[in-house]
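Written out below as structure tokens is the structure these notes cover.
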Amino acid sequence: MLLSLWLVGTLEAVAQPNVHFVAPNMLVEPGTYLMAPIKVGGFRRIVGVQYSMNWNPEVLRYDGIFNPALNAGIPENFGLSGVESGVLTFSWYDQTLAGMTLPDSANLYVVRFQAIGSVGSSSTFTFGNTPTTKEVVDTSFQAIMAGFHDGMISIMGPNAIAELKEAPVMISECTPNPVGNAAFFDIGLKQVTKMVWTVFTPSGNELYTESTQLGAGNHRIPLKVEKMNTPGAYLCKFFFDDGTYISRKLIKI
């Protein structure tokens, strides 16, 4: 049942996403257990949330929900009947109707999986509308537009993961993500190199480009968040003079 059937008011979506839900991108070894956090940004005075999540059950085996926020209960706020088929639902509302707030990049909850697929296999970890439709309601008792950002979990052998760790260039995911007032990337280099990076807006336009010469070692590259005036999904592309190209997605709230 949609939240709109039992929350007061007519539900109308606003033009831009106010709140974001982010699933992780992860690399894991076969057979291991992994903790996949669902993070939020812009979660302000929210009265109700519901959606479905999906994954490939031949790659990931569900093994539990941990540390839910919002005083959510297990199984009260989670639909677990479809987890063997790769379907999990979440449905929560604030019974006080006062609305609840979470810090940016806070975990809404964490899903534990076992990686049962073979080396080289992967599974998306996605937000969907079946069987539970995506909907977020705030204290205006209107449905607000929410950004749902899917993740990917890939299974790699220990040798491949070790090789990644020894690669000439390593770039972290954006921290934090979603992005509030400040954010950065951590970069590890094996040798001196020139780096050029470009940030693209949610509409795909170039926002800004910078370049620098970096020595071997670890570096922290801050984002110019003050230029990111539009909420949404941004893309940062990094180019190195050895031909390496790496992209990272980030969410601005």
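Things worth noting here:
- Within the range 139-218, strands (runs of 3 or more DSSP E) holding 3 or more residues that are over 27 Å from residue 42 (Cβ atoms) and over 25 Å from the mean Cα position of the chain (by Cα): 193-200, 206-214
- Of all residues in the range 84-119, those being under 16 Å from the mean Cα position of the chain (by Cα) and charged (D, E, K, R) number 2.
- Residue in the range 187-209 that is in the same structural domain as residue 58 (by TED's automatic domain parsing) and within 19 Å of residue 253 (Cβ to Cβ) present: no
- Pairs with Cβ under 9 Å, 6+ apart, first in the range 27-40 and at negative phi, second hydroxyl-bearing (Ser, Thr, Tyr) and surrounded by 15 or more Cβ atoms within 10 Å (Cβ to Cβ): 27/154; 28/154; 30/121; 37/109; 38/109; 39/105; 40/105
- Residue in the range 222-253 that is farthest from residue 180 (Cα to Cα), counting only those that are crowded, with 18+ Cβ neighbours inside 10 Å and among the hydrophobic types (A, V, I, L, M, F, W, C): 240
The values are calculated or read from the model by the stated rules, or taken from the named source; none is laboratory data. Computed from a predicted structure; not experimentally measured. Positions of Cβ are generated from backbone atoms using ideal geometry, with glycine treated the same way; all protein chains shown enter the neighbour counts.
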